[in-house]
Amino acid sequence: MEAPSAVHVPTYKWWSIFNILCCCLPLGLIALYYSGQVEGRLRHQDIDGARAASHTAKILNCLALLLGLVAIGVMIYCISQQQVLLSRV
């Protein structure tokens, strides 16, 4: 009897770490938790659970990236408006 072929389920670990460092710390931490869940579930041959955790990590990383980009945009806008106000004085 042959061993089942290895199933690849993305963990999104490095994307989670990037989001922790650059975008949105809380969502990045939660995404990193789910990334770890993927690895643990794969070790226990829980493929469906690993896929569900992977999907959750992906969604959280997308949200973290989006929130981070919006926050950066708002900060740039606020700083530019402050500079405009200071130049008028």
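All of the numbers you see were taken from the coordinates with simple rules; none came from a lab. Quantities reported herein were computed from a predicted structural model and do not represent experimental measurements. Counting neighbours? That spans all protein chains shown, and the Cβs are built from the backbone with ideal geometry, glycine included.
The protection proxy used here, the mean number of other Cβ atoms lying within 10 Å of each residue, ranks peptides 47-53, 11-17, 80-86 as follows, highest first: 11-17, 47-53, 80-86. Please give the helix 47-88 orientation as an angle from the longest Cα principal axis of the chain, in degrees from 0 to 90, rounded to the nearest 10. Long axis of 47-88 versus the principal axis of the chain: about 10 degrees. What label, among (1) 81, 17, 15; (2) 42, 25, 21; (3) 44, 26, 24, belongs to Cα extents along the principal axes in Å computed from the structure on display? Calculated Cα extents along the principal axes in Å: the matching label is (1). The residue list 67, 45, 14 was ranked by how far each Cα lies along the charge dipole of the chain toward its positive end, using unit charges on Cβ atoms, and 67 comes out on top.
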